[in-house]
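Following: one structure in structure tokens, then a few remarks.
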Amino acid sequence: MKGIYDKVVDLATRRGFFWPSSRDIYAGAPAGFYVYGPLGLRMKEKIVSLWRRKIIIPEGVHEIETPNVLPLKVFEASGHLEHFFDKLVECRRCHSRFRVDKLIEEELGITENLEGLSDDSLLKLIYDNEIKCPKCGALNWTDIKKFNLMFTISVGAETDEPNAALRPETTQGSVVEFRKSFMVMRGKLPFALAQIGRVFRNEISPRRALIRMREFQQLEVHIFFDPEDPDEVYEDRLEPLLDYKLRFLRREDRETGKIVEMTAREGLETGYTINKLITYWLVIYQKFFNEALGFPLERLRYRELIEGEKAHYALAHWDLEIYTDDLGWVELVNNAYRTDYDLSGHMKVSGNDLSVQSNDGTRKVLPHLYEPSIGLDRVIFHELMVAYREDGERTWLQLPRYLAPVEVGVFPLLRRDGLPERAREIYNELIEKGFIAFYDESGSIGRRYRRMDEIGTPVCVTVDHQTLEDNTVTMRDRDTMKQIRVPITRLPEKISRFLNSNVPIEELID
Ligand SMILES: [Zn+2]
């Protein structure tokens with residue numbers, strides 16, 4: 001029996017959420033690049049706009065856009081040239097290459113702590129367990145090699161040597177432009193920038209659809225703050241949220257997998273969440289994923305990373321992860337306290353002073369950086385995984401209503417008696433009012449409902465014979481299939497209320 005993962009991939013491809021790039025006509029096209037079809041793209045736009053509305057604007061974050069291509073110097077300063085690699089081994093017989101950690105993980109089921117092991121210990125683990133080449137079955141490996149994950153390129157006609165790279169994260173653009181942005185915006189610390197952008201990583205084995213890609217999209221916030229005064233402004237913002245419960249998998253609970261619920265207050269008092277600024281951002285991101293994106297709390301946790309797993313720049317590091325039966329725990333947001341690692345790296349390599357004045361004007365400050373970084377494609381994929389429902393009769397996506405790519409289906413019950421004309425009028429009116437509506441008159445009404453259910457359309461409006469008599473239509477709820485009758489004049493208001501709430505459709509009757 002197919003798991004939900006396979007069903008979601010199948011549905012996504014069939015209905016136009018996403019599919020692998022170029023593969024339809026070029027069989028050997030490299031993996032890890034995806035096309036967003038019309039439905040997937042619309043969902044993506046909705047998630048981005050939700051993030052802007054719920055986080056960027058209320059938090060006073062300045063959104064900027066920096067190029068995908070940056071000079072290699074930038075990645076020398078950021079440490080990516082030196083540290084951003086995966087370990088691989090090559091089979092001496094068939095020359096297939098594998099990521100060491102994935103090879104061991106797949107054969108032995110070990111997922112933890114591999115990143116902390118030395119090359120020799122990893123190779124020993126491979127030979128002790130007789131892990132053979134998955135391609136040809138040989139047990140004859142090369143030494144472990146480093147493979148840098150950046151796509152380097154040569155820009156301009158002057159050289160064929162790489163002098164730039166496609167960025168592997170949006171962070172560096174923000175760090176390089178921090179001082180300039182701070183000046184032009186007449187900033188004060190803490191000063192937060194945001195970027196939405198594509199990033200590129202030459203993964204050795206891209207896989208699992210939108211989970212591990214070579215080109216993907218990040219939503220990042222970069223909060224630069226004065227390390228001597230990190231709690232400026234966050235005092236007030238955190239106050240009403242002090243009893244909010246964060247869910248952590250702490251390093252000491254790795255073995256048991258026990259998730260600890262810790263209020264923001266406890267996080268602060270024990271020092272676990274470091275300061276008010278970081279605590280506040282941990283809270284609002286968990287809230288955003290739970291309340292706005294609709295992921296149940298019991299599927300979410302912050303996994304504390306340990307030495308060896310943590311990025312080279314991070315002092316503290318938690319992955320906000322989501323659980324599904326098919327994929328287990330998957331990271332959605334990388335939350336890293338990067339200290340002044342990035343700014344001081346760029347100061348050193350560029351020779352420019354990147355510090356700014358403290359808010360009281362008495363000190364020079366090289367700000368510290370805290371960064372929550374969302375992997376957008378993974379979020380979209382998990383929205384579909386978590387929303388997927390089937391009951392033998394039908395398949396539906398129980399998406400948060402406001403994230404559905406089509407908001408309302410409009411149908412005439414039959415293709416005669418003037419019903420299509422009336423339905424068209426209603427469709428046009430809804431479009432004009434800003435709803436994303438879809439008109440359909442082909443096939444039986446049951447099949448039209450099913451097609452809308454399958455892409456998660458929250459509500460369908462049907463024009464029938466009674467409509468012609470009393471100007472009412474039916475509204476049908478995707479999740480319960482219940483229907484109510486409403487006057488056409490009230491339709492936009494009812495749909496809008498329905499889309500922006502969780503109320504059952506019966507509550508719209510008045
Ligand atoms: Zn081989």
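Each reported figure results from applying straightforward, stated rules to the coordinates on display, with no laboratory input. Only a predicted model underlies this, so the values are computations on that prediction, with no experimental measurement involved. Cβ placement follows ideal geometry from the backbone for every residue including glycine, while neighbour counts extend to all protein chains displayed.
Note on the chain: helix-only mean residue ellipticity at 222 nm, from DSSP H runs of 4+ residues weighted -39500 (n - 2.57) and normalised by residue number, equals -8500 deg cm²/dmol. Please report the net charge: other residues with Cβ closer than 15 Å to the Cβ of Arg497, K and R +1, D and E -1. So the surrounding residues net to -2. A Förster distance of 35 Å, applied to the separation of the beta-carbon atoms of Glu235 and Arg198, puts the FRET efficiency at 0.45.
Provide the gained length on full extension for the span Ile436 to Arg497, in nm with one decimal, where the gain is 0.36 nm per separating residue minus the Cα-Cα distance. Could you put the intermediate results ahead of the total?
Details: separation 61, 0.36 × 61 = 21.96 nm, distance 1.46 nm.
Length gained between Ile436 and Arg497: 20.5 nm.
With the convex hull drawn around the C-alpha atoms of the range 134-273, the volume per residue stands at 249 Å³.
Length gain on complete extension for the stretch Ser350 to Ala311, per 0.36 nm per residue less the alpha carbon to alpha carbon distance? Don't jump to the answer; show the numbers that get you there.
Details: separation 39, 0.36 × 39 = 14.04 nm, distance 2.26 nm.
Stretched fully, the Ser350-Ala311 segment lengthens by 11.8 nm.
For the chain, the longest principal axis of the C-alpha atoms and the axis of helix 38-51 are separated by about 70°. Computed from the C-beta positions of Asp510 and Leu242 and an R0 of 56 Å, the FRET efficiency is 0.90 to the nearest 0.05. Rounded to the nearest 0.05, what FRET efficiency is calculated for Met183 and Leu297 with R0 set to 41 Å and r the Cβ-Cβ distance? It comes to 0.50. Among beta bridges from DSSP that stay inside the chain, the antiparallel ones total about 85%. When you filter the trypsin sites (Lys or Arg not before Pro) in the range 395-460 for DSSP loop state and at most 13 other Cβ atoms inside 10 Å of their Cβ, you are left with Arg415, Arg416, Lys433.
Quote the charge dipole size of the chain about the Cα centre in Debye, to the nearest 20; the model charges only the Cβ of Lys and Arg (+1) and of Asp and Glu (-1). Let's see the in-between values first.
Numbers: 72 positive and 84 negative charges, 272 e Å.
The dipole of the chain has a size of about 1300 debye.
Are there any chymotrypsin sites (Phe, Trp or Tyr not before Pro) in the range 1-51 that are in a DSSP loop and have at most 16 other Cβ atoms within 10 Å? List them by number. Sites meeting the loop and neighbour criteria: Tyr26, Phe33.
Across the chain, the mean sequence separation of Cα contacts (distance under 8 Å, 6 or more residues apart), normalised by length, yields a relative contact order of 12 percent.
Label zone of Asp325 (point 7 Å out along Cα→Cβ, amide N under 12 Å): in the range 1-28 this covers 1-5. The stretch between Asp417 and Ser444, if pulled fully straight at 0.36 nm per residue, gains 8.1 nm over its current Cα-Cα span.
Taking N as the number of residues in the chain, what value does Rg over Cα atoms divided by 2.2 N^0.38 Å take?
Values: Rg = 25.9 Å, N = 510, 2.2 N^0.38 = 23.5 Å.
Rg over 2.2 N^0.38 Å, computed on Cα atoms: 1.10.
Of the beta bridges in the range 395-508, as assigned by DSSP with both residues counted there, near 55 percent are antiparallel.
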